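Worksheet: one structure, shown below.
A short reminder: the numbers here are calculations on the coordinates, not readings from a lab. Values in this document were obtained by computation on a predicted structure and should not be read as measured data. Glycine gets a Cβ as well: all are built from the backbone with ideal geometry, and neighbour counts include every protein chain shown.
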Amino acid sequence: MDMNRTKRNVNAFGMYFTRHLRLVGNAIKHSTIAAKISMVIFGFAHFLRLQFLRGVALLAGEVGLLYVIFGFGWQYLSKMGTLGTSMGGYNPDGTISYGDNSFFILLYGILAVLAIFALIVLWCINIVDNYNCEKKLSEGRTLPRNIDDWRNLFDKNFAQTILTIPVLGIFVFTVIPIIFMICIAFTNYDKDHTPPAALFTWVGLENFKKIFDFGGMGLGSTFFRVLGWTLIWALFATFLNYFLGMAVAILINRKGIKFKRLWRTILVTTIAVPQIVSLLYIGKLFAADGLINLFLKNQGLITNPIPFWTNANYARVLIIIINLWVGIPYMMLIATGLLLNIPADLYESARIDGASAFQMFRKITLPYMMFVTGPFLLTSYIGNLNNFNVIYLLNSGQPKSMSLVNGAGSTDLLVTWLYTVTVTNNDYKTAAVIGIMVFLVTSVISLIVYGMLPSIKNEEGFQ
Amino acid sequence: MKRKLLSLALSAGLVASSLTSLAGCGKATGEIKIWVAENVVEFTKTQVAAFQQANPEYSGYTIIVEPVGEGDAATNMVTDVEAGADIYGFPQDQLSRLVAAQAITPIGEADSAWVAEQNDAGAVGAAKVGDVTYAYPITSDNGYFLYYDSSVISDPSTLEGIVADCEKAGKSFYMEINSGWYQPAFFFGDNGCTLTYDTDSTGAFTACNSNYASDAGVVALKNIIALHKSPAFVNGSSISNATNVGAIVDGTWDSGAAKDLFGDNYAAAKLPTVGGVQLSGFGGFKLLGVKPQTDKDRLEACKAIAKFLSSAEVQLARYDEVGWGPSNLTAQASDKVSSDAALSALGQQLAFTIPQGQYPSDYWSLATALGDSILAGDYDNASDAELLQVLQDFQDTCNSYAQ
Amino acid sequence: MMSRKQKIGNALAYIVLVIISFIWLFPFVGLVLQSFRSYKLEPGGMVGYLVPKHFSLDSYIYLFSGESQFPKWYMNTMIIALCVSAGVTVISICVAYALSRFRFPGRQFLMKTWLVLGMFPGFLTMICLYFLLKIMGLTQAGAIPGLILVGVASSGMSYYVSKGYFDTIPLSLDEAARIDGASRAQIMFHMILPLSKPVIIYTALVAFMGPWCDYIFASYIAFGHSASYNVAIALRNWVWTNDYQGFFTRFCAAGIIVAVPVTVLFMFLQKYYVEGITGGAVKG
């Protein structure tokens, strides 16, 4: 069934594409002289028709993109195939001359390719709009005036207006860097090939092979072990926080409990202290010479310190527990808000029917919470998959293990491991491959869950 | 475009500056950025100002001193050489990485000779990769030794005695056995093992010389395991983070904190023996590097400043100010330096250490992995044969880091 | 009248609450106590006891006496947090509003892509972002505007909570207003946004808290230019580099100072925080 859907999507996309291609072809065939000129000078025909707003927008777009392409893009674009050939070096007088810089060639090259693509799209928009306008004129209809165009920005096209800046922002600061890093996965960019000292170049699928290499030095077993722990961690971190947070909220909300505000405030104060401070302090509490071990030792309960951080299993459990300390206050707040909204008569009638407290929780509270907090659970699961702070600040992924390669530790999540691989080892090519794999795993999980959420299926339920 | 404009502006500036210098009334100008550790920022500022006063030909440069930790400095330089500092301090183990990233310039024949003549042999070796000298040594104190509380430890000469004293007093003995830097103390020297790497002059690793997988290695490993089993042992090497110190293996950078902590009972000694054999370790050095420059005048200016900052009188002044042990032979011979408790402990220890060469970054995480496995108790009950296998794996992995 | 069973239940609940409060407050109290320990009369590093032997304000005095650039770093962070908070609120409210109220081609595609894009691990793109910002001159001395730009630019992807909120406001309101001749922009600004105060405050509050903890990307962008540091970079340096010995009490004091604005905001805006994130349920 899914196969069919994918096929349908592909077909729909193909049709969309060919229809637009035909539109453009048609527009070219029927272009006036003014429209032909505006194939070179965008917006020319619009100016003639006094559609200044559109004309200025098109022309400004063209000038900007041409500047990117010819201003600096061109010289780098021509070297994209090799990512540079000329090496720099020291001159006899001790100064240095720099050669090609693979990093900039790739980065500017990508910018230039994207600019060319945008220019083509703009060109198509330009001529299709010319064609539509001319057609309207020849049919004797009036064109939208500038003031209409302007008004439409705040009415008919209001969605596009308010989405423009966010879309651009995401494109420049999220999409372009991601495209860049995906490209890096196909190069040999690492500490031995760091510009400007050395060049890096394309190596095809070489790096991907390593991740499925399960030999002694291969990445494979390390990757899958870290991935496994990441998934388990996120599961525990999300659901334990969720249920215990809810339990605390129910406890505070209990009839007959006084000072509700005080209990909540006590929990919430912990949110305010920056994690870099609070987690470091908590981490130290459990150290071999931390307060807890010293206390137990002084009481004569232990002779050797409990290896909270040095034993992999202890460390994993401890991290999950400390994460409760971090997460329960947030969940408690949310659950409190929700619990107050469950209609009280539901509980009342259940009580009359003789339901126990647990039955009421299972039949009323839980389904209600699950429905409302589904999206929240999904985002917090994803957040936990990439939860850097808790792991890094508590024990930096340690203990490390002889059976893991590339600096991975037993409590490392994929993202903390990536930090080691990029920042400490400068092994960008491996990091890019791991990143792509992380991305695939998390996005598949979340898209599946996303589709299953009742609140998404039933998006307009409330409206 | 921007880069083009920039280079245009630069070359215009170059022409202008060479014209003015031809006219004989101008000086090279520009900004020279220096990165040093936080505690010597003010010191460096004063010294640089004095330097510019004494050398008016360099007074046209604006010199900026920023606090950037020595480990961070190397990482930053490798990330983006262009934005990095022109002169920066770093621990010597970062050198090959900097050389490989062309973030450090060879200092030329004249200065190489000067460095070789002024500094102790270890420091001179540390500033070299292959046969090329890349840096100006500023300290010879980047090694470790023992700080202890003399009210707790009666005899600091054997590890067994230290541990027993700590156990008795309810205090702890600290040593960071999961660090590739401290761990070799058990293996190197008279303990009978080595682990070094050969590099070529571009900073690439060509060979690994190691004999960890041997009977001597097994003995060393067993010594570490025995230490870890003691209730008094704590893994760690920072006095500031240690809460229950009886004795700690640490370096001179912590001498201030050690004096604060121990008060009147402050004492320092060379590392103890274990099973009758002296613990070894690394002798390390701090260096000043100069970033490769495209302009000749600037290069000369940077080199002159770096040379000055590593000279005998500045090293001595730096010792007075922050207690860093000089690498300069003249400075080392001064009375103040030779009578310093921490430095003389380090000096005694130095006889048993090997000068720290270059190690690939993977080595450090591998050593941490070995140490963490010991700390986790993985080898607590292992037989000799099993331990030998562990060391064999360790050695094979070390070998694989050299091409 | 309370039944016996209920009384026992309440007593148990109080016991549990007291234990919970103890666990949650312990690190907090510990940090406060450490921050009042004199680093001049006692070791300034970590110690094995909880209650200082000499209470003093030494650490706080250090922070603000001009010995360090802490006030500057604090202001930097405050500026970043305020700007990011304002920018993120505007952008993510716009996105959420558009996705919730309008149906246009490509909407589903945008929603799903953004959901998925948010999962790409940030460290990978850090080096690329650094050089993008460097082209624009927004690193080192320009790091503060650079951090604000990056913080705001990608915030459109976190439309999730606000969209959920807008989804619960009935569309019939919009339709009635359109019949009265209001433009879509007018509907947004004059009708829906005033109804959405909780989610706006929620978004602003969450965005405000972020920059106080950013030590990795911020130090990458500042690249050794100490005047552009934020508080978190300084905190990280104080405990993770060898150059700073005995800075632990100062570290704790700085943490407490950072906690002040966030605590104050949270105290006053807690209600909106809850309503913002649970808006769907409130109306449902």
Along principal axes, largest first, the alpha-carbon spread of region C:4-62 in whole Å comes out as 57, 21, 14
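Do the sum for chain B: with -39,500 (n - 2.57) for every DSSP H run of n ≥ 4, divided by all residues, what is the mean residue ellipticity at 222 nm, to the nearest 500 deg cm²/dmol?
-13500 deg cm²/dmol
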Using only Cα atoms and rounding to the nearest 10 degrees, what angle (0 to 90) does helix A:158-170 make with the longest principal axis of chain A? 70
In Å, the Kirkwood hydrodynamic radius from C-alpha pairs for region A:113-168 sits at 13.3
Tell me which residues come under 5 Å, amide H to amide H, from B:GLY283 once H is placed; ignore anything under 5 positions away on its chain. B:ILE354, B:GLN356
With viscosity set to 1.306 mPa s at 10 °C, what whole-number translational diffusion coefficient in µm²/s follows for chain B from Stokes-Einstein and a Kirkwood radius over Cα pairs? 70
Rounded to whole Å, give me the distance from the Cα center of region C:158-233 to that of region A:391-427. 34
Excluding B:PHE352 itself, what net charge comes from residues whose Cβ is under 9 Å from its Cβ, given Lys and Arg +1 and Asp and Glu -1? 0
B:LEU279: net charge of surrounding residues, Cβ under 14 Å, Lys/Arg +1, Asp/Glu -1, itself excluded? -3
Can you give me the C-alpha center-to-center distance between region B:248-292 and region A:148-195, rounded to a whole angstrom? 51
Kyte-Doolittle at least -0.5, axis length at least 27 Å by Cα - qualifying DSSP helices, chain B: B:2-23
Restricting to lysines and to Cα separations under 17 Å from C:LYS112, and discarding same-chain partners fewer than 8 apart, the set is A:LYS457, C:LYS163
At a Cα cut-off below 16 Å, give the lysines reachable from A:LYS260, other chains included and same-chain residues fewer than 8 away excluded. C:LYS271
If you take the square roots of the eigenvalues of the alpha-carbon gyration tensor of region A:220-457 and sort them as a ≥ b ≥ c, do you get rounded (a/c under 1.5), prolate (a/b over b/c) or oblate? oblate
Computed helical MRE - 222 nm, chain C, DSSP H runs ≥ 4 contributing -39500 (n - 2.57), nearest 500: -21500 deg cm²/dmol
Neighbourhood net charge (9 Å Cβ-Cβ; Lys/Arg +1, Asp/Glu -1) for B:PRO91: -1
Step through the residues of region A:94-106 one at a time and calculate ³J(HN,Hα) from phi using the Karplus curve (6.51 cos²θ - 1.76 cosθ + 1.60, θ = phi - 60°), rounding each to whole Hz and writing x for Gly and Pro. x, 7, 10, 10, 8, x, 5, 10, 4, 4, 5, 4, 5
Residues whose modelled amide H sits under 5 Å from the amide H of B:VAL65, counting only those 5 or more places away in sequence or on another chain, are B:ILE34
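Where does each of B:294-302, A:179-187 land if you order them by average Cβ count within 10 Å, highest first?
A:179-187, B:294-302
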Relative contact order for region A:31-204 using alpha-carbon pairs under 8 Å, separation at least 6, rounded to a whole percent? 26
In whole angstrom, the spacing between the Cα centers of region A:72-91 and region B:339-403 equals 42
Mind checking which lysines have their C-alpha under 16 Å from C:LYS5, skipping anything on the same chain fewer than 8 residues away? A:LYS255
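Based on the alpha-carbon gyration tensor of the protein assembly as shown and its eigenvalue square roots a ≥ b ≥ c, which shape applies: rounded if a/c is under 1.5, prolate if not and a/b is larger than b/c, or oblate?
Values: a/c = 1.93, a/b = 1.24, b/c = 1.57.
Verdict is oblate for the protein assembly as shown.
Given a Förster radius of 30 Å and the C-beta distance between A:LYS258 and C:VAL51 as r, what FRET efficiency does 1/(1 + (r/R0)^6) yield to the nearest 0.05?
0.50
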Please list the non-local residues whose amide H lies under 5 Å from the amide H of B:VAL129, H modeled 1.01 Å from N, same-chain partners needing a gap of 5 or more. B:TYR134
If you keep only loop residues by DSSP, which chymotrypsin sites (Phe, Trp or Tyr not before Pro) in region C:38-68 have at most 16 other Cβ atoms within 10 Å of their Cβ? C:TYR49
Can you list the HN-Hα couplings for region B:87-97, worked out from phi with the Karplus curve (6.51, -1.76, 1.60; θ = phi - 60°), rounded to whole Hz and with x for Gly and Pro? 9, 8, x, 7, x, 4, 5, 8, 4, 5, 5
Within chain A, longest stretch clear of exposed GluC sites (Glu not before Pro) (DSSP loop, no more than 10 other Cβ within 10 Å): A:140-459
Taking θ = phi - 60°, what integer Hz values does the Karplus form 6.51 cos²θ - 1.76 cosθ + 1.60 yield along region A:188-195, in sequence order, with x for Gly and Pro? 10, 6, 8, 5, 8, 10, 9, x
Rounded if a/c is under 1.5, else prolate if a/b is larger than b/c, else oblate: which is chain A, with a ≥ b ≥ c the root eigenvalues of its Cα gyration tensor? oblate
Express in nm, to one decimal, how much length is gained between A:HIS20 and A:LYS36 on full extension, taking 0.36 nm for each residue of separation and deducting their alpha carbon distance. 3.9 nm
